[in-house]
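What follows is calculated from the coordinates using simple rules that are stated; it is not laboratory data. Predicted model only: the values in this text are computed from it and were never measured. So basically every Cβ, Gly included, is an ideal-geometry build from the backbone, and we count neighbours across all protein chains shown.
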Amino acid sequence: MKITELQFPGCFLIESSKFMDVRGGFVKTYHKNIFEENGIKIDLAEEFYSVSRKDVLRGMHFQLPPSDHEKLVYCMNGSVLDVFLDIRKNSPTYGQSMGIELSGENARALFLPRGIAHGFLSLEDNSVMVYKTSTVHDPMKDCGIRWDSFGYNWPVSAPVISDRDTKHSTFSEFNSPF
């Protein structure tokens, strides 16, 4: 595993080795000791996944305190443009966003700390995203920033998006508790 801290404090790109043979492939997505040696400590509380068609945009999601969480995400099948936005008021990268392609082929993952809004655009049909979080989903603290309100240049003109995600606050309207 190669783990690199990104320009957003506390955000890490994890590049795992992918082992292939006649049976298929094998990828290790988490190793507690390697993560901790690289500054990532996460106690996992919940895991789930989503399956998306091409041009589906999900995001930008996070949970409010005290249910806020750290998140480990990766794309097990297909490919996505994973996008994250720093909503931590005291962070040097507050209000900045970044996108990284995750795919079943490149075996990359992202670790995102509390105070990072997260979303992705599915780049192909049947893209499977896995999420491991440090807290369980809390519908009362579930929140988001509207996907088109923080200046990210999404490479899609008409994404498929949920009604819920179209109703999130804009970034300029959001008063961050982080």
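Test of the criteria: in region 129-178, which trypsin sites (Lys or Arg not before Pro) are in a DSSP loop and have at most 14 other Cβ atoms within 10 angstrom of their Cβ?
Those satisfying the criteria are 167.
How big is the dipole moment of the chain about its Cα centre under a simple scheme where the beta carbon of each Lys and Arg is +1, that of each Asp and Glu is -1, and everything else is neutral? Debye, nearest 20, please.
My answer is approximately 100 debye.
Over 20 Å between Cα atoms, which of 32/71; 41/141; 18/41; 28/141; 132/167; 28/132 qualify?
Numbers: 32/71 14 Å; 41/141 23 Å; 18/41 23 Å; 28/141 31 Å; 132/167 25 Å; 28/132 14 Å.
Where the Cα-Cα span goes over 20 Å, the pairs concerned are 41/141; 18/41; 28/141; 132/167.
For the chain, what is the relative contact order in percent, using Cα pairs closer than 8 Å and at least 6 residues apart in sequence?
It rounds to 30 percent for the chain.
Give me the distance between the Cα centres of region 145-178 and region 39-108, rounded to whole Å.
14 Å
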